[in-house]
Amino acid sequence: MIVKLPLNAVLKPFGKEDARRESGMTIIEILIVIALIGTIMTIVATNVIQKNDEAKVDLAMVAAKTVGDSLQFYKLHNNRYPSTEEGLNALVTQPPSAKAWRGPYTDAEKLNDPWGNAFTYEASGAKAFKIVSPGPDGEVGTADDITYPKDAAAAPAAEGQ
């Protein structure tokens, strides 16, 4: 005796299992997706941090140039740059030797680099100066220092600037 079952009755249990399998994800698939998302996030975060550091270096150079421009105005009024001893504070507070001082030439906050370190200043006579940002490590004299003007020696400043 042969029993004939409708085709639906035979395939129905398999169909339900297949439907459940296709509609969900296995734990391994979920772990793979999480690992991929983690890898992508690491790559993105690394690039963002690197760009932030590069932007701070550029900002430090611009800030040092701005201080250099303030020194030009100081020289315009006083016929000389502040001495190394007077330092960059001569741009904010009148030193006793600057009789024609018309400052302040900048704000005290602008005498710091983007990392919060004070710029160092060195004058070489009446026609040259050097401004140095200690850079990200906060130490003067290391490879990451940012110098304005760009050459390491205290170069003569351009007369027309």
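Each value in this text was obtained by applying a stated rule to the coordinates, not by laboratory testing. Since this is a predicted model, take the numbers as computed values, not measurements. Glycine gets a Cβ as well: all are built from the backbone with ideal geometry, and neighbour counts include every protein chain shown.
Quick notes on this one:
- Normalised contact order of the stretch 25-148, rounded percent, pairs of Cα under 8 Å and 6 or more residues apart: 22
- Separation in nanometres of the label points that stand 7 Å from Cα toward Cβ, at D137 and T42: 2.7
- The dipole here belongs to the stretch 25-148: it is taken about the Cα centre, uses +1 on the Cβ of Lys and Arg and -1 on the Cβ of Asp and Glu, and is about 720 debye.
- Note on I2 and D107: the extension gain reaches 27.7 nm, defined as 0.36 nm multiplied by sequence separation minus the Cα-Cα distance.
- Summarising the label geometry, the points placed 7 Å from Cα in the beta-carbon direction at I27 and T84 lie 6.9 nm from one another.
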